[in-house]
Structures are given as structure tokens and as C-alpha cells.
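The values are calculated or read from the model by the stated rules, or taken from the named source; none is laboratory data. None of the values given here were measured: they were computed from a predicted structure. Cβ placement follows ideal geometry from the backbone for every residue including glycine, while neighbour counts extend to all protein chains displayed.
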Amino acid sequence: GQFLFKFFGSLGISNNIHAEIIALVNGLELCWERRFSHVQCQLDSLYLVQLVQEGTNPQHRYTNEITLIREILGRSWSCSLTYVFREENSCADWLAKKGSMLDTSIVTIEETEIVLQLLLVADASRTPYPRL
């Protein structure tokens, strides 16, 4: 893809799946607010992709969040989720690490650093990139 904007932030104490869920909700809402009409989310959590696609039972810990994601995906736009290997999603990995060092819940920035541009090229070409 093409760089449009970045967002990252700190969740405080959390687990990986919760962080992935919150990042997905925030990312989808930001794309919707910016009126993007075609969005493809590439997630490196197969578990999360399956949760969203298949739904959850009412007793699942993250039922409310998964239901919200499914509602956002069902809005009047073209938005899909696909699974990719973590090595093909190095931009998200880099932003997650950057966000974990903040005290702020979410930061949105329109510009990008050179390292993120290089990671985006690697992700777009599906070139495996060493984990940072």
C-alpha cells in the first residue's frame, strides 16, 4: 500500500489479543471518519480474523468489541480483513512497539518517518523483513 496516516498509542497493561482488537477498532473508526471507501485490513493475528469472521459466543471475554468490529465492517463501505504473517506486517509491528512506549492512548500523524516508509515498501512487496 500507500501511506495515508499512522496511529499508535499505549493501552497500559493489556494482553496481545486485546491490543490487536483495540488497534483494529481504532483503525477502522479512523478510516471511517476520513471517509475511505475501500479499506483492506491486514492482520497478523489469525485468531482475531477468525473471531471477527465467525463471531463469538455471548460469554466470550471480548464479545462486545468483536460485535462492534462486525458492525463497523457492515457499514456502507468496502472493508475487509485478511490474515498475513507477522513478517509481512512489519509496519504494524513497528507502530505497536512505538505506541507501547507512550503515555498517550492514541496519536494520529499524517507524516511518516523514513524507517516506516522502508517497512511499507517491504510489506507491499511481501518481502520478509527481520523483526524489530
Looking at the range 68-97, I want the residues that are in a helix (DSSP H, G or I) and have a partner that is surrounded by 12 or more Cβ atoms within 10 Å (Cβ to Cβ) and aromatic (Phe, Trp, Tyr) with Cβ atoms under 6 Å, at least 6 apart or on another chain. Which pairs are those? Ser90/Tyr129; Leu95/Phe8
In the range 66-78, residue farthest from Asn16 (Cα to Cα) [restricted to those that are out of contact with any Ser or Thr (no Cβ under 9 Å at 6 or more places or on another chain) and surrounded by 12 or more Cβ atoms within 10 Å (Cβ to Cβ)]: Ile72
Restricting the range 41-65 to residues that are of a type in the set (A, V, I, L, M) and assigned to a helix (DSSP H, G or I), the residue that is nearest to Ile17 (Cα to Cα): Leu48
Test Phe3 against the stated conditions and say whether it is at pLDDT below 90, within 21 Å of Leu119 (Cα to Cα) and in a loop (DSSP other than H, G, I, E, B). yes
